[in-house]
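Encoded as structure tokens, the structure appears first; notes follow it.
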Amino acid sequence: MPATQSRGHAAPHRILHAIALAVMVAASAVAPVAASTASPVALRAQGSDPAPSSVKACSRSIQSRIDAAAAGSTVTVPACLARERIRITKPLTLVGTPGAEIRGSDVWTGWTRKGNTWVSKKHVPSFYNPGGTCNAGTSRCHWPEQVFVNGRPLVQVSSSTTPHSGQFRITASRLVVIGTSPYRKTVEVTVRDNVLWIGASDVTVRGFRLRHAATAGQGGLVTIGGYWVGPVDRATLANNVISDAHGRDITIEGGTGHRILKNSVTRAGNVGIGGGHGTNWTISGNTIAHNATEGFHVGTESGGMKLVDVDGLLVENNVASYNSRGLWTDTGVRNATFRNNRLDHNGYQGLLLEAASHVTVTGNSAWENGWGPGGAAYGWGGAIVLSSGDHAEIADNVVAWNADGITVISQARGDDNDHVDINVHDNAIMMRPRSGDTNAYASGFLMDWSGILFDPASNNRGSGNRYWYPSGENGRTRFAWNGPLSRLGAFAATPAESTTTYLTSAQKDAILGRARIPTSAVRR
């Protein structure tokens with residue numbers, strides 16, 4: 001919610017959450033040192049790349065190298081730029097020499113000036129667009145086309161709008177109209193809806209830069225498996241730089257044993273990594289940042305990562321920063337471990353686990369999450385939020401300066417779990433609520449229906465968590481167990497907490513220093 005509003009416990013969560021999800025995700029768009037009020041348009045240009053004019057084109061297509069290779073072999077690509085769509089349909093290893101790159105765009109020349117705009121002589125292809133829901137106030141999630149000038153993305157406006165500098169539009173006949181002069185510049189227009197498709201088991205791709213794809217909302221610039229071949233197994237993406245898909249940078253459609261390791265995954269219009277319906281996946285060592293640029297609805301799919309229906313999931317040692325949501329799982333994720341991730345400056349939750357079962361969340365560091373518009377209503381601004389889950393352990397995490405700390409929320413939903421055996425313990429939670437925030441939960445068990453969250457037989461509990469606030473208790477809500485609580489002593493008298501304490505400022509600074517988290521909150 002905006003800073004001028006307080007968060008009232010009495011308002012039904014579903015209404016508050018619906019309002020939050022209808023708001024455009026401004027916080028997903030901020031630069032690392034900026035306030036969380038920048039637009040997603042600003043994020044689109046974040047970390048833009050230099051002009052490609054000096055990059056050497058590949059003398060031979062990468063696809064021809066793959067086609068000529070034997071199954072099980074290694075194909076090494078020299079440092080060069082390929083503008084093509086790659087298909088791998090046999091087991092092999094594809095290695096990029098430093099500087100190897102594949103783009104889904106082409107360089108367009110021959111622009112005709114018309115007033116203060118320039119019109120292409122070529123027509124952009126029509127791309128598959130099944131629709132979907134955008135955030136309120138924008139239709140950009142429905143427009144997969146892309147234009148880059150000297151490596152910087154332009155922002156698409158409606159076909160009836162005259163584009164200004166930094167903008168473009170698509171005419172009814174599929175011409176491109178740009179508002180930035182192309183004179184002595186390199187203009188790239190995306191003409192492919194995918195850059196790399198892995199359609200076989202036991203494929204490894206490493207060392208490439210992969211970018212520019214006019215994907216559908218849930219399509220991937222890099223796609224593993226897919227409905228046309230069914231699931232494949234044991235794909236590995238390692239040490240790649242993947243960016244600038246309209247939808248997802250990486251889509252994983254089923255299969256077992258996939259590994260996404262030490263990649264940079266940025267500037268996806270929807271989510272950096274998405275998909276599901278598989279077993280035993282590892283997401284490790286990746287930088288997942290500045291995603292959710294194209295206004296996709298934050299309540300459906302948006303952010304750094306969203307996975308569903310994965311049995312056996314390890315998510316560790318990732319950095320998820322400046323997304324709408326950081327790391328997100330939904331229905332059917334089970335036997336999952338989230339450990340040693342760094343989650344910061346995500347507009348909504350740093351880590352959101354919905355309808356998850358048998359989950360361990362440990363050793364994570366999370367700060368400055370949850371400050372997006374509407375994101376903090378009724379405990380939903382947590383650095384770590386477990387929603388309608390069961391058999392979960394949330395322990396030994398350090399969270400600071402988030403809209404809420406660690407919250408457990410029980411809802412009535414058709415895919416909900418048992419809301420039992422949830423243990424929140426030995427976490428360090430530092431809070432500095434904004435002025436007017438009357439219900440900022442450092443730790444809380446919240447329920448918006450007549451469920452079993454607070455039933456003693458459910459065995460939901462907590463202990464040993466430590467808290468820091470900048471001032472003494474002042475009557476404002478800090479905790480929740482079957483209702484809001486303002487005093488730590490009262491919270492410690494519930495199953496949600498025991499053997500707890502407030503930290504001194506010196507203790508707080510020492511813990512944050514070890515966790516490499518700023519020792520004070522950014523002014524909001």
If you go through the stretch 343-375, how many residues are in contact with a strand residue (DSSP E or B) (Cβ under 6 Å, 6 or more places away or on another chain) and either farther than 25 Å from residue 287 by Cβ or not assigned by TED's automatic domain parsing to the domain that holds residue 313 (or both)?
2
Of the candidates 451, 436, 464, 483, the one satisfying the condition of being without any contact (Cβ under 8 Å) to a residue 60 or more places away in the chain and more than 30 Å from residue 332 (Cβ to Cβ) is 464
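How about the stretch 161-178: which of its residues are outside any strand (DSSP E or B) and crowded, with 20+ Cβ neighbours inside 10 Å?
Filtering the stretch 161-178 down to residues outside any strand (DSSP E or B) leaves 161-166, 171-174.
Of everything in the stretch 161-178, just one residue is outside any strand (DSSP E or B) and crowded, with 20+ Cβ neighbours inside 10 Å, namely 163.
Can you name the residue in the stretch 322-363 that is aromatic (Phe, Trp, Tyr) and outside any strand (DSSP E or B) and is also nearest to residue 406 (Cα to Cα) among such residues? It would help to see each step written out before you state the result.
First pass over the stretch 322-363, keeping only residues aromatic (Phe, Trp, Tyr): 322, 328, 338, 348.
Next, only the ones that are outside any strand (DSSP E or B) stay: 322, 348.
Numbers: 322: 19, 348: 13 Å.
Only one residue tops the list, namely 348.
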Set 276, 295, 304: member being on the phi > 0 side of the Ramachandran plot and modelled with pLDDT of 95 or more
276
Whichever residue in the stretch 466-485 is within 14 Å of residue 445 (Cα to Cα) and in contact with a strand residue (DSSP E or B) (Cβ under 7 Å, 6 or more places away or on another chain) and, among such residues, is surrounded by the fewest Cβ atoms within 10 Å (Cβ to Cβ)
484
Among the residues of the stretch 167-219, how many are of a type outside the set (S, T, N, Q), in contact (Cβ under 8 Å) with a residue 60 or more places away in the chain and farther than 18 Å from residue 125 by Cα?
16
Limited to the stretch 454-483, what total is found for residues that are part of a loop (DSSP other than H, G, I, E, B) and out of contact with any Phe, Trp or Tyr (no Cβ under 6 Å at 6 or more places or on another chain)?
15
Residue that is within 25 Å of residue 64 (Cβ to Cβ), among the acidic types (Asp, Glu) and either assigned by TED's automatic domain parsing to the domain that holds residue 143 or modelled with pLDDT of 95 or more (or both), where the choices are 233, 249, 202:
202
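Run down 298, 361, 308, 319 and say which single residue is surrounded by 22 or more Cβ atoms within 10 Å (Cβ to Cβ) and without any contact (Cβ under 8 Å) to a residue 40 or more places away in the chain. Break it down stepwise before answering.
Values: 298 fails: without any contact (Cβ under 8 Å) to a residue 40 or more places away in the chain; 308 fails: surrounded by 22 or more Cβ atoms within 10 Å (Cβ to Cβ); 319 fails: surrounded by 22 or more Cβ atoms within 10 Å (Cβ to Cβ).
Answer to the check: 361.
Does residue 313 meet the test of being in a strand (DSSP E or B) and under 15 Å from the mean Cα position of the chain (by Cα)? It would help to see each step written out before you state the result.
Values: in a strand (DSSP E or B): yes; under 15 Å from the mean Cα position of the chain (by Cα): no.
When the stated conditions are applied, residue 313 does not pass them.
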Report, by residue number, each residue of the stretch 498-509 that is surrounded by 15 or more Cβ atoms within 10 Å (Cβ to Cβ) and modelled with pLDDT under 95.
498, 500
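Please state which one of 133, 161 is among the hydroxyl-bearing types (Ser, Thr, Tyr) and touching a residue at least 12 places away in the same chain (Cβ under 8 Å).
Details: 161 fails: touching a residue at least 12 places away in the same chain (Cβ under 8 Å).
Just one listed residue meets the conditions, 133.
The values are calculated or read from the model by the stated rules, or taken from the named source; none is laboratory data. Please read all numbers here as calculations on a predicted model, not as lab measurements. Reconstructed Cβ throughout: ideal geometry from the backbone, glycine too, with neighbour counts over all protein chains shown.
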